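This report refers to the structure that appears directly beneath it.
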Amino acid sequence: MKITYLLLFVFIFCLHAENTNSQNLRFTIKRNNIQLEQVLEEIEKQSNYLFVYNKHVNMNQKVSLDMDKKSLKDVLSNLFDGTDVNYSIEGNYIVLSAGKESADINNVKQEKFVTGKVTDNHGEALLGVAIMVKGTTQGTVTDMDGNYSISVPNNKAVLVFNYLGYVSKEQVVGEKSKIDVVLQEDTKQLDEVVVVAYGTQKVRNLTGSMSRLSTDELVDMPVPNIGQKMQGKFSGVQIYQNSGEPNGGISFRVRGQASISGGNSPLVVIDGFPSLTGLDAINPEEIENITVLKDAASSALYGSRAANGVILVTTKQAKEGKMNIEFSMYYGWEKVSNRGKPDVMNAQEFAQFKKEYYEDQARYEDPNVTVPEVYQHPELLTNGTDWYDVLLRTANTQNYNLALSGGTAKIKSSVNLGYNKTEGVIINTYSERFSARANNIFNANDHLKFGLNLGGSYRSGQIPPGLGESRGIIGCAYLMDPQLKYKNDDGTYPISYTQPGMFANPNYYLVLTQRENVTKDINGLLNAFAEIEFIKDLKYKFSANIDLSNQTVNRWTPSTAQGGLGSAPPNPATGEYYSRNYLTWLLENTVTYNKTFMEKHTIDAMLGYSTQKATSQNAKVSASQYPDDEVPWVGIATRKDGSSDASNWYDWAIISYLARLNYNYDGKYLLSATFRRDGCSRFGAYSKFANFPSVSLGWIVSDESFMENMDPLSYLKFRASYGKVGNNNIGNYSYIASASSANYVFNNTIVGGKALNAIGNNDLTWETTNQYDVGIDVGLLNDRIFLIYDYYRKKTDGLLYRVDIPNQSGFSSIQSNIGEFRFWGHEIGLETKNLVGDFKWNTNLNVTFNRNKVMKLGTNNVPWGGNSNQMDYHRLEVGKPLGFFMGYVYDGVYMTQEEFDSQPKHASSMVGTVRMKDINNDGVIDMDDRTMIGDPNPDFIYGMTNEFFWKNFDASFVIAGAVGGDVMDGTYEWTENLDGVFNVRKEVAERWRSLENPGNGKIPRTRSGTTELFRFNNSRWVFNGSYLSLKNLTIGYTFPLKSNPYVKSLRIYGSGQNLFTITGYPGMNPEVNAYGSAGHQQGLDYSSYPVARTFSVGLNVKF
């Protein structure tokens, strides 16, 4: 709370100081016989005031002034007393009007006086709106509260309201004497200024490919992670919710980019700073807009880190002339839907299966086998325990945010305070975040500007390790015998179970409720800059940035929850304390020059130098031999062992030289060229530096004279680009030979030492991507319909790959840059304003077609992955798409002896066992018959947003989905295990048991020694992952408040997230992937954390 008070104090102090300064301004102006306009310009330079006047005020009249440290009132009185010019001060505006005009109006018999207030569509007052009486030069401007007053000649007068960035509006006066007006933001975005790499540009001048989004479109989604809010919003960006973990589980891939050993996630740049923290720590309410740089031309200024795309995040800044205090909150409920839950047997069904299992064992294998007592009478049992539901709960989510901002011509300050608490739908899981941010800009004078952004967050959460992994807590729980109770009738809890013929297991309810894995993260982000204009149009900017973090993890497992599949408690308790600190800093120097000459030629040039360094350290203490389960502290354990995580202990640095030249001729012929040279410590001595150039062209055809009468075409631009970018996420010391501990024998004594375990490579360098892009932007019907299309083609070369070397070297392989992938695709974005009257309806649709192919793997093109019968699902193979599924082609069951005799067979095959296809036609089923059984790469992905506005009501919905793209349900290896050790899917009841009872022909028999092939990776586990998901539906209402000094606007809304999914995939989440963003290992389901539906109600108040 002390930090909160401090930030509020600083914010209020800055505004108060600026206001006091304005009132006490003193002017020194000593000019002789100069134009009035020049004097007004001098006053504007010495203050934060601006003059507004009409044509009746003679700006060319000569005046003389000799004022030394005089007040504004003294200066204005000296200028205008005794003249026909009247003045009034409205906020930061000084309104001038000619006396002649005032007299003319006063003589009109039917004149009337009109007052009112002008606000935006959010109910926020607008300062400085120009209001004119149509057909005259009479006008005024609104004050800081949006209020105005104006004289009009009669009831037929028309008032015209104009404000930069908003659609002009006309209003007939009629009988009204009070006219309140709401101005809508100008959605014609061609003149909008957007954030690009190292600067800003007008949309119409862009020549690269990028997608952008204002977070105003995302405010009502009840999720704590900005990634979830971005789903379905961008063409060319694949955003999947791989799991439902609180504040996690989101993966990003731009244009399908992938690597084998390098990183796949895009670079995240926050306020110009490539941050290691990424998007997880930032409060979505702090974000003003997001731009995704997709092609190499738009991202090449980030050089060796841009191959996976770049996400530019700009946080909110205060606006001049606006004082805002806004409070927003939502409260919601999360619940897992029944669709896709594990379709395993209940207690009665499983007991029947086990009974038949033992009966078949006695019939075919050993007549002495008997049915265990617990399975002898299934008819006496009911449904029993649903072990999946035991782990679930209805969870709450809540979010609160307070934003304060205010700005003048000298100081702009914005403060944001946020709190979010999201309970997980899995018991004893949660995420909590406190966040604070203060963004400030100080204009010392017309030539010198300073900026300081401070952001921080404190996050805590609990997700037990191994929760959603292969045979992790979730998967093992629903494989339990449903006869077993997680809670005894007397209210106590069993700690372990051992059923006949099944693995021993802990009570997974206790595993979740008693294990602790509390992670705490403290993050801080600082951006500071100074910008000076040496001469007109030439600016120098220095920026210093720091990103720091401290993470601690406390783990504790009591003896009653210590265990897993095959290892039932009690087992000795263990504890662990882990701590990690990292710091990265960035210093940048840039010089920019922006100049228009000879009216038609505009250049925008930039030169820069940057250096960045990152450091990470960590330590871990593992504890065991606790006296009991009462005290979980590491310090109380008898044994404590120290270690560290080598992957998170590093130093790396990068220096860069960068340049950009944008040229614009006549506003319609566009050229952009960039260059970056990076040197990074991560690479070998011979390959530390690399160059990353780009060039792009644009032609605004619609501005040509021959296009003047081409209605309904309102805008047409062609774009083309080429660029080269890199991926330096290959690890920090991969080029260096590595050593590990080893034992040696000297004089018959074992002596500890070291030995090489990998050979180095001084030529190791970054993976590079060369990319071409062509695009077209089309506006129709005054841009009510706006289409953006891009075709891209790129080659990623120098992929890290282990190359075989002669064993005589002492090693079998060496890491080298010797792999190659190709990517290409189409992106379509369509924005339409379907209805623009009192009822407004806007649509945003995007569709992306991504394709890829493996071109080269090592020296001999040996396939990567897919070499084992189990678990090793994905393969890379030259000429085929990335990461296809490798396995056997399922072909049913050998139903009869005749069928068995006539078909190819596996070594374990017999009548009633599974049948796989003989791919190589050699008459034998073995590993050589494994083939491509699925492709996780979707045919295309899409998203659609619809917004509706009518009077004070608003509504929106967001849809996202994919067509094509297979999903491998790896849980089938367990849920169709026929050895009687796990609970199984309901369909297993229809397995083959005999010639007289052959089942449905899909599930083989349970005879020992014949079930192995059915557990091998096969096409039965592969499903079409096409889906359509309603990501969000929101309905809101803004109350029509009367003008008051307390509340500007009040809005309430109801929202639903992940309301439904239409898919043929029988699992819970078709977006699932156990490997996250790994582009070469997609579409694998391992009982991940379930994605929940969320229903929430929210409130937005502006004061």
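Miscellaneous remarks
- Residues (β-branched (V, I, T) and either surrounded by 15 or more Cβ atoms within 10 Å (Cβ to Cβ) or closer than 30 Å to M210 by Cα (or both)) located in segment 842-861: T843, V847, T848, V854
- Restricting the search to strands (runs of 3 or more DSSP E) fully inside segment 171-238 and requiring at least 2 residues that are more than 30 Å from T115 (Cα to Cα) and without any contact (Cβ under 8 Å) to a residue 40 or more places away in the chain gives 199-202.
- Annotation note: of M871, M895, the sole residue that is surrounded by fewer than 15 Cβ atoms within 10 Å (Cβ to Cβ) and under 26 Å from V988 (Cα atoms) is M871.
- Here Y540 meets the list (1) surrounded by fewer than 16 Cβ atoms within 10 Å (Cβ to Cβ); (2) modelled with pLDDT of 95 or more; (3) farther than 30 Å from T592 by Cβ; (4) not charged (D, E, K, R) almost entirely, failing just condition (3).
- For first residues located in segment 563-577 and farther than 13 Å from W633 by Cβ, partners that are among the charged types (D, E, K, R) and surrounded by 19 or more Cβ atoms within 10 Å (Cβ to Cβ) and lie 6+ apart or on another chain with Cβ distances below 9 Å form the pairs G564/R471; L565/R471.
- Residue within segment 624-633 that is closer than 22 Å to N581 by Cα and not assigned by TED's automatic domain parsing to the domain that holds G199 present: yes
- A count restricted to segment 725-754 and to residues that are among the β-branched types (V, I, T) and closer than 30 Å to W766 by Cβ stands at 3.
- Verdict on I919 being farther than 30 Å from Y1053 by Cβ and either in contact (Cβ under 8 Å) with a residue 24 or more places away in the chain or not in a helix (DSSP H, G or I) (or both): yes
- Residue within segment 389-401 that is assigned to a strand (DSSP E or B), within 30 Å of N48 (Cβ to Cβ) and touching a strand residue (DSSP E or B) at 6+ places or on another chain (Cβ under 6 Å) present: yes
- In segment 685-706, the count of residues that are at negative phi, assigned to a loop (DSSP other than H, G, I, E, B) and under 32 Å from the mean Cα position of the chain (by Cα) is one or more.
- Sole exception among (1) crowded, with 22+ Cβ neighbours inside 10 Å; (2) at pLDDT below 95 for W387, by number: (2)
- Residue match in segment 462-471 (condition: modelled with pLDDT of 95 or more and among the aliphatic types (A, V, I, L, M)): no
- Picking from residues in segment 715-749 that are part of a strand (DSSP E or B), of a type in the set (A, V, I, L, M) and modelled with pLDDT under 90, the one that is farthest from G798 (Cα to Cα) is V745.
- The residue of segment 472-509 that is nearest to S567 (Cα to Cα), among those that are of a type in the set (A, V, I, L, M) and in contact with a strand residue (DSSP E or B) (Cβ under 9 Å, 6 or more places away or on another chain), is A504.
- Of residues in segment 364-383 being surrounded by fewer than 19 Cβ atoms within 10 Å (Cβ to Cβ) and in contact (Cβ under 8 Å) with a residue 40 or more places away in the chain, the one farthest from Q499 (Cα to Cα): Y364
- Y792 part of a strand (DSSP E or B), of a type outside the set (D, E) and in contact with an Asp or Glu (Cβ under 6 Å, 6 or more places away or on another chain): yes
- Residues of segment 630-658 that turn out to be without any contact (Cβ under 8 Å) to a residue 60 or more places away in the chain and part of a loop (DSSP other than H, G, I, E, B), as a count: 6
- Failed item in (1) touching a strand residue (DSSP E or B) at 6+ places or on another chain (Cβ under 6 Å); (2) closer than 18 Å to G475 by Cβ; (3) of a type in the set (S, T, Y), with S1026 passing the rest: (2)
- Enumeration of residues in segment 209-239 that are within 14 Å of the chain's Cα centre (by Cα) and more than 24 Å from A296 (Cβ to Cβ): S214, T215, L218, M221, V223, P224, N225, I226, Q228, K229, Q231, G232
Yes/no matrix, rows are residues, columns are (1) part of a loop (DSSP other than H, G, I, E, B); (2) within 30 Å of G278 (Cβ to Cβ); (3) of a type outside the set (A, V, I, L, M); (4) touching a residue at least 60 places away in the same chain (Cβ under 8 Å):
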residue: P482; (1), (2), (3), (4): yes, no, yes, yes
residue: K485; (1), (2), (3), (4): yes, no, yes, yes
residue: G491; (1), (2), (3), (4): yes, no, yes, no
residue: S549; (1), (2), (3), (4): no, yes, yes, yes
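- Of all residues in segment 50-63, exactly one satisfies the criterion of being loosely packed, with under 12 Cβ neighbours inside 10 Å and either of a type in the set (V, I, T) or not in a loop (DSSP other than H, G, I, E, B) (or both), namely K62.
- The set of residues from segment 131-149 being small (G, A, S), surrounded by 17 or more Cβ atoms within 10 Å (Cβ to Cβ) and assigned to a strand (DSSP E or B) comprises just one member, G139.
- Among residues of segment 833-848 being touching a residue at least 24 places away in the same chain (Cβ under 8 Å) and among the polar types (S, T, N, Q), the one that is nearest to Y791 (Cα to Cα) is T848.
- Residue selected from segment 898-917 under the condition among the hydroxyl-bearing types (S, T, Y) and surrounded by fewer than 18 Cβ atoms within 10 Å (Cβ to Cβ), by the criterion farthest from N1018 (Cα to Cα): S902
- Members of segment 572-607 that are among the small types (G, A, S), surrounded by 19 or more Cβ atoms within 10 Å (Cβ to Cβ) and part of a strand (DSSP E or B): G575
- Answer from M944, M968, M932 - the residue that is assigned to a strand (DSSP E or B) and under 23 Å from the mean Cα position of the chain (by Cα): M944
- Residue that is surrounded by fewer than 18 Cβ atoms within 10 Å (Cβ to Cβ) and outside any loop (DSSP other than H, G, I, E, B), where the choices are L661, L670: L661
- When V803 is tested against (1) in contact with a Pro (Cβ under 8 Å, 6 or more places away or on another chain); (2) more than 30 Å from Y972 (Cβ to Cβ), only condition (1) is not met.
The values are calculated or read from the model by the stated rules, or taken from the named source; none is laboratory data. All values reported here derive from a predicted model rather than from experimental measurement. For neighbour counting, all protein chains shown are included, and Cβ atoms are generated from backbone atoms with ideal geometry for every residue, glycine included.
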